[in-house]
Amino acid sequence: MLRDLMEAASTRAEYADARFVSTRSERLDTRNGEVDRVESDVSEGIGVRVRVGGAWGFAACHGTERAAAEAALRRALEVAAAQPAAPATALAPEPAAAGTYEVAVERDPFEVALEDKLGVLLDADAGLRSEREVAVSVARFQAVRAEKLFASTEGALCEQLVTECGGGLMAVAVDGDQTQTRSLPSWHAGHMEQGGYERFLAVDLPGQAPRVAAEAAALLRAPACPSGRTTLILAGDQLASQLHESIGHAVELDRVLGFEASYAGTSFVAADALGSLRYGSPLVNVTADSTHPGGLGSYRWDDEGVEGHATPIVRDGVLAGFLSSRETAAAIGLERSGGCMRADGFARQPIVRMTNVSLDPGDAGTLDELIAATERGVLIDTNRSWSIDHRRLHFQFEGETGWEIVDGKLGRLVRNPGYAGTTPEFWASCDAICSDSEWRLYSVLDCGKGEPGQTMHVSHGSAPARFRDVEVGAA
């Protein structure tokens with residue numbers, strides 16, 4: 001039916017595409033030893049996008065009825081006709097997508113018995129309550145499966161099936177009027193990777209729970225993070241959050257061109273800055289790669305049919321690329337789209353989103369070796385909160401936990417560690433990145449953008465990195 005729909009659209013639009021999307025999701029939570037949430041959801045429908053005279057129109061319908069899909073096409077054409085006149089610029093060329101793709105799954109998470117999944121969560125929940133100060137314990141399981149069929153007036157017809165699975169922990173420790181939270185791998189909606197139930201089991205929530213609880217309780221007794229300019233090591237989820245906010249969003253080409261100014265903001269990066277903007281030190285290399293196994297920003301084709309590939313974003317500290325669509329790539333003369341168009345389900349129009357934006361590993365060895373090579377400083381792991389301006393320039397982050405570094409050794413635990421800076425100066429201060437053995441994928445499950453708003457899952461790969469002369473203190 002999508003092929004027939006595109007044949008009808010080809011006589012009325014200079015370009016059109018249609019996406020059938022069927023999504024199934026499940027979320028389970030336990031809280032303080034009890035089942036707190038059991039949710040499942042299924043949705044499916046068709047989204048139709050057209051381009052007429054340089055203007056875009058989009059409309060969607062629930063289900064797969066031919067009449068509803070044809071009505072969606074008519075509405076999309078009406079929306080395009082109602083837009084202000086725009087230059088009919090060409091889209092960046094791309095071969096017509098064709099074929100099928102499926103993420104490998106060892107164990108289907110939707111076929112695992114509910115009792116088995118809740119059993120793992122309740123075991124982990126019990127481990128979180130091993131410390132008397134823990135007043136709130138939460139364990140979470142999540143799974144999502146999306147089936148997509150894409151067709152366009154250029155002859156594209158491709159299908160892909162993607163499964164994601166994972167979970168997380170949170171312990172809230174309380175002592176009088178003081179509260180401290182410790183989570184794993186992070187509590188910004190937890191952690192997921194592409195794959196099956198094996199991805200959830202690999203996180204080992206029951207095995208990690210006692211340590212998470214112990215650190216939450218220890219933070220109640222820890223001194224506040226000392227203030228001043230010092231050496232900072234970012235590890236794990238915290239470095240991933242830094243990548244997400246100060247690099248990932250800043251190089252989205254629709255923001256750079258001002259298309260997102262009214263909602264998500266703009267960027268300090270200029271469209272003509274490729275090859276000239278000093279983004280960081282010569283050690284900083286960042287890559288957007290939609291082919292990385294397990295990444296939440298991985299796929300065979302994006303939501304306008306561009307085949308996934310790796311795009312250099314920063315090379316030797318200099319801006320080398322953007323996250324782009326076929327339209328935005330053509331607008332600045334790029335030969336090809338970055339393959340970054342993604343939509344939150346069938347009822348939203350694709351917009352430029354992050355793929356797997358990752359910091360390439362360096363040669364500083366393990367985290368222990370990096371600490372040993374650092375005379376004094378602070379190590380921060382796991383993001384707690386953040387604030388960054390609409391241009392992605394000035395920022396402030398707070399971590400869940402930190403440790404002092406004294407004479408090359410990890411010292412006392414400190415609470416409420418935070419740091420602030422400006423994006424180019426901060427990345428310019430990077431003087432060491434751990435080696436490939438320390439490189440991991442970290443997920444962000446609540447990345448918001450667009451109007452109407454869309455929430456997207458993305459991943460960021462990183463190994464711990466060191467930054468010199470950073471303003472650090474208790475947030």
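The values are calculated or read from the model by the stated rules, or taken from the named source; none is laboratory data. Note that the structure is a prediction, hence the values are computed from the model and not measured. Please note: Cβ atoms are built from the backbone with ideal geometry, for glycine as well, and neighbour counts cover all protein chains shown. For the accessible areas, the whole protein counts, side chains as well, though only heavy atoms, and no ligand, DNA or RNA atoms are used. Shrake-Rupley method; radii C 1.70, N 1.55, O 1.52, S 1.80 Å.
Criterion applied to ALA76, ALA80 was being more than 23 Å from ALA146 (Cβ to Cβ), touching a residue at least 24 places away in the same chain (Cβ under 8 Å), part of a helix (DSSP H, G or I) and not acidic (Asp, Glu), and the one residue passing it is ALA80. Among the residues of the stretch 448-464, are any in contact (Cβ under 8 Å) with a residue 60 or more places away in the chain, in contact with a Pro (Cβ under 6 Å, 6 or more places away or on another chain) and crowded, with 16+ Cβ neighbours inside 10 Å? Yes: one or more hits. Taking the condition of being touching a Phe, Trp or Tyr at 6+ places or on another chain (Cβ under 6 Å) and open to solvent by 10 Å² or more (accessible area, probe 1.4 Å), how many residues in the stretch 42-101 meet it? Selection size over the stretch 42-101: 1. When the stretch 327-344 is examined, which residues are found to be at negative phi and either free of Cβ contacts under 8 Å to residues at least 60 places away in the same chain or surrounded by fewer than 24 Cβ atoms within 10 Å (Cβ to Cβ) (or both)? Once the filter is applied, which keeps residues that are at negative phi and either free of Cβ contacts under 8 Å to residues at least 60 places away in the same chain or surrounded by fewer than 24 Cβ atoms within 10 Å (Cβ to Cβ) (or both), the stretch 327-344 yields GLU327, ALA330, ALA331, ILE332, LEU334, GLU335, ARG336, MET341, ASP344. Once the stretch 202-261 is narrowed to residues that are of a type in the set (Ser, Thr, Tyr) and in a strand (DSSP E or B), the residue that is farthest from GLY362 (Cα to Cα) is THR230. Checked against (1) on the phi > 0 side of the Ramachandran plot; (2) out of contact with any strand residue (DSSP E or B) (no Cβ under 8 Å at 6 or more places or on another chain), LYS409 passes all but condition (1). Inside the stretch 351-363, residues that are in a loop (DSSP other than H, G, I, E, B) and either polar (S, T, N, Q) or surrounded by fewer than 23 Cβ atoms within 10 Å (Cβ to Cβ) (or both) make up a count of 4. In summary, LEU283 fulfils each of the numbered conditions (1) part of a loop (DSSP other than H, G, I, E, B); (2) open to solvent by less than 30 Å² (accessible area, probe 1.4 Å); (3) at negative phi with the single exception of condition (2). Scanning the stretch 401-432 for residues that are open to solvent by less than 10 Å² (accessible area, probe 1.4 Å) and out of contact with any helix residue (DSSP H, G or I) (no Cβ under 8 Å at 6 or more places or on another chain) gives GLY402, VAL414, PRO417, GLY418, TYR419, CYS430. If you go through the stretch 287-305 and pick out every residue that is outside any loop (DSSP other than H, G, I, E, B) and crowded, with 24+ Cβ neighbours inside 10 Å, you end up with 1.
Within the stretch 116-145, can you find the residues that are assigned to a helix (DSSP H, G or I) and open to solvent by 10 Å² or more (accessible area, probe 1.4 Å)? Those that are assigned to a helix (DSSP H, G or I) and open to solvent by 10 Å² or more (accessible area, probe 1.4 Å): ASP116, LEU118, GLY119, VAL120, LEU122, ASP123, ALA126, GLY127. Selection of the stretch 382-394 for residues being assigned to a strand (DSSP E or B) and either of a type in the set (Lys, Arg) or open to solvent by less than 10 Å² (accessible area, probe 1.4 Å) (or both) yields THR382, ASN383, ARG384. Please tell me if THR366 is polar (S, T, N, Q) and either within 17 Å of LEU243 (Cβ to Cβ) or open to solvent by less than 10 Å² (accessible area, probe 1.4 Å) (or both). No.
For the stretch 246-257, state whether one or more residues are open to solvent by 20 Å² or more (accessible area, probe 1.4 Å), under 30 Å from VAL48 (Cα atoms), touching a strand residue (DSSP E or B) at 6+ places or on another chain (Cβ under 8 Å) and touching a residue at least 12 places away in the same chain (Cβ under 8 Å). No - not one qualifying residue is present in the stretch 246-257.
Listed by position, the strands (runs of 3 or more DSSP E) inside the stretch 422-475 whose residues that are closer than 23 Å to PHE259 by Cβ number at least 2 are 440-449, 454-462.
In the stretch 52-69, the residues that are farther than 23 Å from GLU451 by Cα reach residues that are open to solvent by 20 Å² or more (accessible area, probe 1.4 Å) with C-beta atoms within less than 6 angstrom, at least six apart or across chains, in these pairs: ARG66/MET1. Of all the listed residues (GLY47, GLY57, GLY53, GLY127), the sole one being of a type outside the set (Phe, Trp, Tyr) and on the phi > 0 side of the Ramachandran plot is GLY53.
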